[in-house]
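All remarks here apply to the structure that follows.
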Amino acid sequence: MTALQAVLNTRDLGRLQHIAAVFVRHGLGDMVHRLGWADALDKAGQALHLAHAADLARLSPPEQLRCALEELGPTFVKLGQILAGRADLMGPRWIAQLEKLHSRAPPVAMAALRAQLSDDLGAPPEQVFLHWDDAPLAAASIAQVHAATLVDGTEVIVKVRRPGIEATIDADLRLLERLAGMAERHWPELAPYRPVELARQLARSLRRELDLATECRNAERIAASFAGQPEIVIPRVYWQHTSRRVNVQQRIRGVPAEDLAGIDAAGLDRRLIAQRGANAVLKMIVRDGFFHADPHPGNLFFLPGNRIAFIDFGMISRVSPQRRDELLTLMLGLVQRDAGAVAEVLVDWAGDEMPVDDAALRTDIEAFVDLYHGVPLAELSLGTMLGDVTAILRGHQLALPADLALLIKVFITLEGLGRSLDPSFHMAAEAQPLLRQALQDRYAPQELARRSWGSLRRVATLIGGLPHDLAQLLRTVRRGRIQVQIDVTDLRPVVDQLDRAAQRIAVGLVVAALIIGSSIVMTVGGGPQLLGLPAFGLIGYVGAVLGALWLVFKGRGRNGR
């Protein structure tokens, strides 16, 4: 099946036409052609008018893409936000534009929201809350936020999911997953970008954000990890009013992180706040393995006593124990200028899917680390170093696993926020004590004993199941039911070439037989005449010509599949 047929078989051709039209309107018509969408839509009777569309665009390609994604709605905005965190895939100009993507949207009128909200709350909001504000505080592409007051006088915010948004996102995700699979199969040059993996990451992220109760569970888990640290504030969740489509949380009133003048006016200590914020996020990553994956200024408030409040836990990520160990090794390697340790971790992360020149990669990493030789720790920019490392990977056409790319984005965002608060802030200096402590904890006797005991249990389980597995294998062999599957990649192009060669040989043989046979028949006298020629010879000649033409057109039809 061709890429054209793969698109035509989708149930969402109308949405594909809209997406293509938006791209064209923003000067990305060439992208539509290269992806094969224009041909598919033209065959379906929905031709695109590409003439002069690119001439109307006066923006750079990264700006055109950002504008197109914003117009296409929440699914594509989230895709752009994910790509903005993939410095290993996207160049600086593209990332700079994609980072500007926001999910603000016109609010839904209360009249359109009331039926769904009343159903979720069990009664109209005016009956559930002491006070309810119809005008939203903020509106995004997935949900909007209203202010309310509980019957006991507690101020809360009520986040309400947009009616019908789940169906729209599901349709977009279904379409994107099919297009990603098509792109990965038919455009090998896109393989380093892992389009299928990106589509799956996007689907996981959006489906988590659609469940507003999941956000509250994330908030409570992080709140539990900071239970003994009053300087970190997490909004309280009111579960009696929370469900999949609505959640109710404590309203935080503080100074927004981007309001530097307000911070100074409130008499807050910028340096202390920067240190506390960095340590909080580092603790989530290094110790807990469960962290706020979007700590940008809009999700942070500063409270009296130099306290920090985190909000919006819809975007959360996890770090496995193995990944944490690898991350610790990488971070300490960067901080301590250990080129060998950095190269070893990055080569392992690159994996075996794409060919890599280990020697060239190690040489580039060693040269990069050598640039920082002798630079005092207090002058190191950890965010810049991580950005340079991902640029090296991009130069070798290597991609990081999605969770690691997100981690690096968080570190870079955190350092930028810290320096906006305190120009003397250095993430490397803040991270080193915590990284050293984490490494000491990893090799502590009790931790080594715990890991060794876990390994022994897994080995014992494997050995215990070995006799049963061997017996089952032998029974399968005796019954003749064992199967060996051989998967030869990229065999289809070879088969197509052989098919075309066989068709050409067949056509050549038919033409040769036609020439020889017709020559013999034409020289034989007698028999019925047709148009002054021997009838049987003429009929045989015409039949041979038709047979040759049939073979030619049959071959073309196969090649067009």
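The values are calculated or read from the model by the stated rules, or taken from the named source; none is laboratory data. Every value quoted in this text rests on a predicted model; they were computed, and no experiment measured them. We place every Cβ from the backbone using ideal geometry, glycine too, and count neighbours over all the protein chains shown. Note: accessible area is taken over every heavy atom of the protein model, side chains too, but ligands, DNA and RNA are not part of it. Shrake-Rupley method; radii C 1.70, N 1.55, O 1.52, S 1.80 Å.
A few points about this structure:
- Residue, farthest from the chain's Cα centre (by Cα), within segment 72-84, restricted to residues that are open to solvent by 10 Å² or more (accessible area, probe 1.4 Å) and not hydrophobic (A, V, I, L, M, F, W, C): 73
- Condition met for residue 331 (modelled with pLDDT under 75 and within 18 Å of residue 414 (Cβ to Cβ)): yes
- Members of segment 122-138 found to be part of a strand (DSSP E or B) and open to solvent by 60 Å² or more (accessible area, probe 1.4 Å), listed by number: 131
- Count of segment 27-71 residues which are modelled with pLDDT of 70 or more, under 23 Å from the mean Cα position of the chain (by Cα) and buried (at least 17 other Cβ atoms within 10 Å of the Cβ): 12
- In segment 99-118, the residues that are of a type in the set (A, V, I, L, M) reach residues that are modelled with pLDDT of 85 or more and surrounded by fewer than 12 Cβ atoms within 10 Å (Cβ to Cβ) with C-beta atoms within less than 9 angstrom, at least six apart or across chains, in these pairs: 110/135.
- Residues that are farther than 14 Å from residue 407 by Cα and touching a residue at least 60 places away in the same chain (Cβ under 8 Å), drawn from segment 302-333: 303, 305, 306, 307, 308, 309, 310, 311, 312, 313, 314, 332
- Residue in segment 249-272 that is open to solvent by less than 20 Å² (accessible area, probe 1.4 Å), under 25 Å from residue 409 (Cβ atoms), of a type in the set (A, V, I, L, M) and within 33 Å of the chain's Cα centre (by Cα) present: yes
- Which numbered condition residue 392 misses (of (1) modelled with pLDDT under 80; (2) open to solvent by 10 Å² or more (accessible area, probe 1.4 Å); (3) outside any loop (DSSP other than H, G, I, E, B)): (1)
- Here segment 373-389 is the region considered, the condition is being part of a loop (DSSP other than H, G, I, E, B) and under 12 Å from residue 425 (Cα atoms), and the residue that is modelled with the lowest pLDDT is 380.
- Criterion (modelled with pLDDT under 90 and farther than 28 Å from residue 330 by Cα) met by exactly one of 209, 197, 220, 215: 209
- With respect to the conditions (1) open to solvent by less than 60 Å² (accessible area, probe 1.4 Å); (2) part of a loop (DSSP other than H, G, I, E, B), residue 284 lacks only one, and its number is (2).
- Selection from segment 99-111 of residues that are surrounded by 12 or more Cβ atoms within 10 Å (Cβ to Cβ) and farther than 30 Å from residue 83 by Cα: 110
- Test for residue 258: is it touching a Gly at 6+ places or on another chain (Cβ under 8 Å) and not in a helix (DSSP H, G or I): yes
- Taking the criterion of being more than 26 Å from the chain's Cα centre (by Cα), farther than 22 Å from residue 254 by Cβ and not charged (D, E, K, R), the residues of segment 130-162 that qualify are 130, 132, 151.
- Here 324, 337 are screened, and the one residue that is assigned to a loop (DSSP other than H, G, I, E, B) and either farther than 22 Å from residue 388 by Cβ or modelled with pLDDT under 75 (or both) is 337.
- Residue match in segment 139-146 (condition: of a type in the set (S, T, N, Q), closer than 24 Å to residue 216 by Cβ and outside any helix (DSSP H, G or I)): yes
- Every pair of residues 6+ apart whose Cβ atoms lie under 8 Å, when the first sits in segment 259-271 and is in contact (Cβ under 8 Å) with a residue 60 or more places away in the chain and closer than 17 Å to residue 309 by Cβ while the second is β-branched (Val, Ile, Thr) and surrounded by 14 or more Cβ atoms within 10 Å (Cβ to Cβ): 263/255; 263/273; 270/263
- Qualifying position, being β-branched (Val, Ile, Thr), surrounded by fewer than 17 Cβ atoms within 10 Å (Cβ to Cβ) and not in a helix (DSSP H, G or I), among 156, 151: 151
- Failed item, numbered, when residue 307 is tested on (1) touching a helix residue (DSSP H, G or I) at 6+ places or on another chain (Cβ under 7 Å); (2) at pLDDT 85 or above: (1)
- Any hit, segment 69-87, residues being within 21 Å of residue 157 (Cβ to Cβ) and without any contact (Cβ under 8 Å) to a residue 12 or more places away in the chain: no
- Every pair of residues 6+ apart whose Cβ atoms lie under 7 Å, when the first sits in segment 452-471 and is on the phi > 0 side of the Ramachandran plot and open to solvent by 80 Å² or more (accessible area, probe 1.4 Å) while the second is of a type in the set (Val, Ile, Thr) and part of a helix (DSSP H, G or I): none
- Residue match in segment 196-205 (condition: closer than 28 Å to residue 307 by Cα, touching a helix residue (DSSP H, G or I) at 6+ places or on another chain (Cβ under 7 Å) and surrounded by 16 or more Cβ atoms within 10 Å (Cβ to Cβ)): no
- Selection status of residue 167, without any contact (Cβ under 8 Å) to a residue 12 or more places away in the chain, under 30 Å from residue 83 (Cα atoms) and open to solvent by 60 Å² or more (accessible area, probe 1.4 Å): yes
- Checking residue 218 against (1) part of a helix (DSSP H, G or I); (2) within 20 Å of residue 413 (Cα to Cα), the condition it does not meet: (2)
- Considering segment 230-248, the residues that are β-branched (Val, Ile, Thr) and in a loop (DSSP other than H, G, I, E, B) include one that is surrounded by the most Cβ atoms within 10 Å (Cβ to Cβ), namely 234.
Results for (1) aliphatic (A, V, I, L, M); (2) in contact with a strand residue (DSSP E or B) (Cβ under 7 Å, 6 or more places away or on another chain); (3) not in a helix (DSSP H, G or I), shown as yes or no for each residue.
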site: 400; (1), (2), (3): yes, no, yes
site: 405; (1), (2), (3): yes, no, no
site: 408; (1), (2), (3): yes, no, no
site: 414; (1), (2), (3): yes, no, no
site: 417; (1), (2), (3): yes, no, no
site: 425; (1), (2), (3): no, no, yes
site: 429; (1), (2), (3): yes, no, no
site: 432; (1), (2), (3): no, no, no
site: 435; (1), (2), (3): yes, no, no
